[in-house]
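Reviewing the structure listed below.
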Amino acid sequence: MKTLRAACCLISATVCCLVFAQSVRAQQSPTTVVVKASRLLDVRKGSYVENAAIWIEGDRIKESGRASDVQAHAPKDAKVIDLGGATLLPGLIDCHTHIMARFDDSDNGYIIGLATKSLATRALEGAYDARITLQAGYTTVRDVESEGSEYADVALRDAINEGLADGPRMQVATRAIAAVGQYNPFGISPDLKNFPTGAQMISGVEEARRAVREQIGHGADLIKVYADWRNPTLTVDEMRVIVEEAHKQKRKVAAHATTAEGINNALVAGVDSIEHGHRANREDLEMMKAKGVFLVPTIGVIDSMLASQKNEPAPPEARKRVADFLQGIQDSIQTAKSLGVKIAAGYDASSAERQGRNADELVALTKRGLSPLEAIQAATVTAAELLDWQDKVGSLEPAHYADIIAVVGDPMKDIAEVQRVKFVMKGGVVAKDEISVHAAGH
């Protein structure tokens, strides 16, 4: 009897294991979905595919094109998501985010944020910002500094990848690198020795080298440097060694640079992108073109801040300074476009009011002379190239992640449609649906 009971237990355990294994395989088997819509934007060609569909296997695109062709090839039992008269676009990419930042715009907002918010609070805020960024149609971001939250951006990136939090795919710069005394917070008492800083402060080549190695060791996907802050800060030699160390580890370097000299120093040092670049002159832009350096202008946040201040009184000289500044941005963008400098979209939100409004950047770019298609390309194919993810994101092509958004109207005629995203899919999983006619069997 003991032998019989043992045999029965063994058989029962074996059956349970087989059932469990089959269940796991069923859960892991790719889901087949077909998304249909009135049109699909081919962001490379700049033209629409009418009566379009996308066949998705698991988290990747298997085929895209005319619905009649796609549905003829897809399995007959595929789930169909019919978006009716909508327009399909690739999930958008923001190349300049600060997901961990929800600082007040007041003069002391940054200091108060660092002083009153724990790292746990900052991490929770980042998770919220990541979710609303995804809901806005941004399925990928390049987060260019954690703004004093240390390596919380690494933890958030990993949590999203593991399915523990909802948000876009992330490349993170962690702490960023700035010259001692030349980045936030300013005006702190020297007696507060351990007060948090917005970036990792360095002085000298070896400190710069160590900072890069440390940040990469803690999970940085790219390195961010501050080439200037009102005036040039880091030296060419300091930035050159940062670039050298980053490139050895296959990481790119993004440089905050807004002055002509700061931009030039960063370019001479060999950085891969200029963030902001608002006072770039023609010589700087020609060097960017020659070196293949990307420009991430971050104009939308400027428009947003000015709009919030439009009713505040200001003396004529202040209004003239603002007008001259805006004209300089306009000229730089126009020159960059004419020279063929690669422009990637990045919004630069760092407050609660602006998180999730990433698409404002595309509207701002069109106000400076980019066509709606060029603005969309800045947030798709060009952005994907900056991230070195052009084989993964940025277009609705086979083998790319099934990162798809839909809008009701025609964004090629009205770029503001990207501010009203109605459907979001990331990696084959629907994250937002305010538009589907029905979802049913094929």
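The values are calculated or read from the model by the stated rules, or taken from the named source; none is laboratory data. What you see is a predicted model, and the numbers here were worked out from it, not measured in a lab. Glycine gets a Cβ as well: all are built from the backbone with ideal geometry, and neighbour counts include every protein chain shown. Accessible surface areas use protein heavy atoms only, side chains included; no ligands, DNA or RNA. Shrake-Rupley method; radii C 1.70, N 1.55, O 1.52, S 1.80 Å.
Points to keep in mind about this one:
- The magnitude of the dipole of region 187-297, with charges of +1 and -1 set on the Cβ of Lys/Arg and Asp/Glu and taken from the Cα centre, is near 280 debye.
- Computed from phi, the 3J(HN,Hα) profile of region 161-170 under the Karplus parametrisation 6.51, -1.76, 1.60 (θ = phi - 60°) reads 4, 8, x, 8, 8, 8, x, x, 4, 10 Hz, with x in place of Gly and Pro.
- Comparing Val429, Val141, Val172 in a Gaussian network model of the chain, where Cα atoms under 10 Å apart are tied by springs, the biggest mean-square fluctuation is seen for Val429.
- Spin-label pair Asp410-Asp105: with each label point 7 Å from Cα along the Cα-Cβ axis, the two points sit 3.4 nm from one another.
- Under 17 Å from Lys413, Cα to Cα: lysines that are on another chain or at least 8 residues apart: Lys45, Lys367
- Accessible area expressed per residue, the chain, with surrounding protein chains retained (probe 1.4 Å, Å²): 44
- The simple Förster model, with R0 at 56 Å and r as the Cβ-Cβ distance, assigns Ala290 and Lys76 a FRET efficiency of 0.55.
- The simple Förster model, with R0 at 51 Å and r as the Cβ-Cβ distance, assigns Val322 and Ser68 a FRET efficiency of 0.40.
- Across all Cα pairs in region 66-215, the calculated P(r) in 10 Å bins from zero up to the longest distance comes to 10, 31, 28, 16, 8, 6, 2, 0 percent per bin.
- Peptide ranges 238-247, 193-202 listed from the most packed, as the mean C-beta count within 10 angstrom indicates: 238-247, 193-202
- Shown in residue order for region 364-372 are the 3J(HN,Hα) couplings computed by the Karplus curve 6.51 cos²θ - 1.76 cosθ + 1.60 at θ = phi - 60°: 5, 5, 5, 5, 9, x, 6, 6, x Hz (x for Gly and Pro).
- Other-chain or far-sequence residues with amide H under 5 Å of Val225's (modelled H): Ile177, Ala254, Ala255, His256
- Just so you know, the averaged projected area of the alpha carbon convex hull for region 98-184 sits at 5.7 nm².
- Among (1) 189; (2) 314; (3) 148, the entry that matches volume of the Cα convex hull per residue in Å³ as calculated here: (1)
- In a simple Cβ point-charge model (Lys, Arg +1; Asp, Glu -1; nothing else charged), the chain has a dipole of about 1060 debye relative to its Cα centre.
- Near Val80, the amide H atoms lying under 5 Å from its own belong to Val34, Ala440, Gly441, His442; only residues 5 or more places off or on other chains count, and H is placed 1.01 Å from N.
- Measuring nothing but protein heavy atoms, the accessible surface of the chain at 1.4 Å probe radius is 52 percent carbon and sulfur.
- For the pair Ala399 and Lys250, label points projected 7 Å from Cα toward Cβ lie 1.6 nm apart.
- For region 190-197, backbone phi angles converted through the Karplus equation (6.51, -1.76, 1.60; θ = phi - 60°) give residue-by-residue couplings of x, 6, 8, 4, 10, 5, x, 10 Hz, Gly and Pro being listed as x.
- Antiparallel DSSP beta bridges within the chain, percent to nearest 5: 50
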